[in-house]
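The structure under discussion appears below in the form of structure tokens.
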Amino acid sequence: MKDTPLGTRIVEVHNGSSLFTGNAGGGESNLRRCIIENDLLEAIVAMPENDFYNTGISTYIWIITNRKEERRRGYVQLLMDFKETPESKLFKNEEFGYWQVPVMRPKRDADGHLILKKGKPQMVCVKKESEQIPRLYPGGIEAFYEQEVKPYDPEAVFGEPIIGYELSFTKYFYKPVQLRSLDAIMEDIRVIERDTDGLLDEIMK
């Protein structure tokens, strides 16, 4: 990006994979980390479905700049217009970061006895298990361990964390389907029962 008095703005079109593909420490995640931690990401716009001819893939427009307005510094906007609405939300850059932390447990032999190494239990990571901890989690990794892991698995310990970044529109904009009330369902059943002239009642008997 050119460092000019007016700065540089780049607009890129991507499919959804650029938002979340790749594990913490991988190339895709590290690229998102570089962009976000250097405060270069201004906004991401989710385009309408089927916006491109004959394809239903989700499409996103990334707006990247090295000259953010003062009010935008430290924030990323998902969608448009610098105000919050049901379709437009603002988040601190750190919102999209997380620690991927391997979970390790003492290694045991076939009889269930601890395997010691230099007098201490040998710790191993089982089946590539890890925890994904938001970087904005109150108290950080230690607090997460004390509250979310230790009470349920006191033998587990955390390995070395890796920083990752991902952006999920579904996480921030998902609206669950409103289920019908029981009263409405019962009323439909009564209507069907009336329309069948008591047939449903006979079947239930």
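The values are calculated or read from the model by the stated rules, or taken from the named source; none is laboratory data. Every value quoted in this text rests on a predicted model; they were computed, and no experiment measured them. Ideal geometry is used to build each Cβ from the backbone, glycine not excepted, and the neighbour counts take in all protein chains shown. We work out accessible area using only protein heavy atoms, side chains counted, and drop any ligands, DNA or RNA first. Shrake-Rupley method; radii C 1.70, N 1.55, O 1.52, S 1.80 Å.
For this structure, a couple of remarks:
- The heavy atoms of E142 offer some 150 square angstrom of accessible surface to a 1.4 angstrom probe.
- For K117, the aspartates and glutamates whose Cα comes closer than 20 Å to its Cα, not counting residues fewer than 8 places off in the same chain, are D109, E155, E160.
- The simple spin-label model puts a point 7 Å past each Cα toward its Cβ; for Y53 and K175 those points are separated by 3.2 nm.
- Cα-Cα P(r), region 1-100, percent of pairs per 10 Å interval: 14, 44, 34, 8, 0
- Annotation: per residue accessible area for the chain equals 69 Å², rounded to a whole number [probe 1.4 Å, protein chains only].
- For the residues L136, L78, L19, a GNM of the chain with alpha-carbon springs under 10 Å puts the largest fluctuation on L136.
- For region 37-83 versus region 92-166, the gap between their alpha-carbon centres in whole angstrom: 34
- For the chain, carbon and sulfur atoms together expose 55% of the accessible surface, with a 1.4 angstrom probe and every protein chain in place.
- Cross-link pairs K120/K150; K107/K128; K92/K127 - those with Cα-Cα distance over 26 Å: K92/K127
- When the surface is traced with a 1.4 Å probe over the full set of protein chains, K175 keeps roughly 140 Å² accessible.
- Residue order for V191, V177 - accessible surface, 1.4 angstrom probe, largest first: V177, V191
- Note on region 49-136: along the principal axes its Cα atoms extend 62, 41, 25 Å, ordered by decreasing extent.
- Long-range amide H partners of K89 with built H, under 5 Å: L78
- Convex hull projection area averaged over all views, region 70-205, Cα basis, nm²: 18.2
- In order through region 90-97: 3J(HN,Hα) via Karplus (6.51 cos²θ - 1.76 cosθ + 1.60), integer Hz, x for Gly, Pro: 10, 9, 5, 3, 5, 4, 8, x
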